[in-house]
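All of the numbers you see were taken from the coordinates with simple rules; none came from a lab. Since we're looking at a predicted model, the values are computed, not measured. Cβ placement follows ideal geometry from the backbone for every residue including glycine, while neighbour counts extend to all protein chains displayed.
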Amino acid sequence: MPAFPIVDAHVHLWDPANVAMIWIDGNPVLDKKFLPPEFKMHTIGTDIEAIVYLETGVEPHWAFYEARWAALELAKSAPKLKAIVAAAPIEYGAKVRSYLKALTEISPLIKGIRRITQGEKDPAFCLQENFIQGAQLLHSYNLSCDLCMNFRQLGPTVELVKKCPDTQFIVDHISKPNIRERVLDPWREQMKAMAALSNTVCKVSGVLTEAAKEWTVDDVRPYVEHVLTVFGEDRVIFGGDWPVLLMAATYPRWVQVLDEITAKWTDAAKKKLWNTNAKKFYRL
């Protein structure tokens, strides 16, 4: 385990009794309450200094409510919650200004937004003119952008980032490569292209859930090592992706896996990955 406290840059907290979350309906692992008491129980033995709350894929009608709930209610009972990434419909272009303004007025805890594209049928959904314009507007509101896509959308997403040089982006879940079928290319070259853009960092999260059910450390190692290499120690950030992580492993097990893969890193480099890089990017 890391020898210093962890800043987890990707935690979900939810109560499906309060919001519509169709994507977990009927899921025996995820369709239940996961709030601070559950997180504390699942992370026993792991020293968590702070967490970043990530929007949870609620149905659009609940998105603004979710942001207010996380900032004004949840944060009161979760003192380690130091930043929030809220959902925002940036595909509406200039019209999203009113939404972004309202978001930032809720609380200074709201540091960034996310518009999930992994479920869009068109891999180039993010290259619509309005989507690009919405992404370009984020820096005006001092908001970063979490990129939640999979390997199919990675190439177009690189082009999106190129068109938004003033916006700070973070790639969630190392862009969900096809680990299950052990496919490395073209994901490998596309991630190298993403890393070449100075306004990007990479969140090392969501890896185990992309692997086969009976995964091993060696199954995920080449993917994790690649992003650690191309982004470098100053631009990689740990994320637990709890409770989605529970579909593949326990929280301590994921920490153990990443700790094993980075065993040869210096203590200074490890502290960046597990702690200080997240503080810097999300302005904790």
Next item on the list: For n ≥ 4 DSSP H runs only, could you compute -39500 (n - 2.57) per run for the chain, divide by its residues and tell me the 222 nm figure to the nearest 500?
Entry: -8500 deg cm²/dmol
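Grab the beta carbon distance between Asn18 and Asp185, set R0 = 51 Å, and tell me the FRET efficiency rounded to 0.05.
Working: r = 43 Å, r/R0 = 0.84.
My answer for the efficiency is 0.75.
By count of other Cβ within 10 Å, fewest leading, how are Leu143, Leu127 ordered? Write out the running numbers ahead of the final one.
Details: Leu143 21, Leu127 15.
So the residues, fewest neighbours to most, are Leu127, Leu143.
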Checklist line | Furthest towards positive pole of dipole, Phe151, Ile174, Leu30, structure part the range 6-282, Cβ charges | finding: Ile174
Margin query: I need to check one value: relative contact order of the chain, counting alpha carbon pairs closer than 8 Å and at least 6 residues apart, in percent.
Written below: 19 percent
Checklist line | Cα pair distances of the range 6-282 binned at 5 Å [whole percent] | finding: 1, 6, 13, 18, 20, 19, 14, 8, 2, 0
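Quote to one decimal, in nm, the extra length available between Arg152 and Glu105 on full extension: 0.36 nm per residue of separation minus the C-alpha distance between them.
On the way: separation 47, 0.36 × 47 = 16.92 nm, distance 3.50 nm.
Stretched fully, the Arg152-Glu105 segment lengthens by 13.4 nm.
Full extension from Glu129 to Val217: what is 0.36 nm times the residue separation minus their Cα-Cα distance, to one decimal in nm? Please report the intermediate quantities before stating the final value.
Values: separation 88, 0.36 × 88 = 31.68 nm, distance 4.06 nm.
So the extension gain works out to 27.6 nm.
How would you rank Glu38, Glu105, going from fewest to most other Cβ atoms within 10 Å of each one's own Cβ? Write out the running numbers ahead of the final one.
Working: Glu38 14, Glu105 9.
Sorted ascending by nearby Cβ count, the order is Glu105, Glu38.
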Check: Going 7 Å from the Cα of Ser77 in the Cα-to-Cβ direction, what parts of the range 22-54 have a backbone nitrogen less than 16 Å from that spot?
Finding: 32-42
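Mind sorting His42, His10 by how few other Cβ atoms lie within 10 Å of their own Cβ, fewest first? Can you show the working numbers first?
On the way: His42 17, His10 26.
Arranged by neighbour count, lowest to highest, His42, His10 become His42, His10.
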Notebook entry, point to check: Using the Karplus equation 6.51 cos²θ - 1.76 cosθ + 1.60 (θ = phi - 60°), what ³J(HN,Hα) coupling, rounded to whole Hz, does each residue of the range 163-175 give in order, writing x for Gly and Pro?
Noted result: 7, 10, x, 8, 9, 8, 10, 10, 7, 6, 6, 6, 6
Notebook entry, point to check: Got the relative contact order for the range 185-284 handy, in percent, Cα pairs under 8 Å and 6 or more residues apart?
Noted result: 31 percent
Checklist line | Binned Cα-Cα distances of the range 194-260, short to long, each 10 Å bin given as a whole percent | finding: 20, 53, 24, 3
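For each pair in Lys111/Lys163; Lys80/Lys280; Lys32/Lys121; Lys82/Lys163; Lys32/Lys213; Lys203/Lys270, compute the distance between the two Cα atoms and list the pairs where it is over 24 Å.
Lys32/Lys121; Lys82/Lys163
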Item checked: the range 199-217 and the range 255-284: distance between their alpha carbon centers, rounded to Å -> 15 Å
Check: Amide H to amide H, which residues 5 or more places from Leu81 or on other chains are under 5 Å from it, using H placed in the peptide plane?
Finding: Ile51
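Quote the relative contact order of the range 90-157 in percent (integer), defining contacts as alpha-carbon pairs under 8 Å separated by 6+ residues. Intermediate values should be presented prior to the final figure.
Values: 84 pairs, mean separation 32.1, N = 68.
Contact order relative to length: 47 percent.
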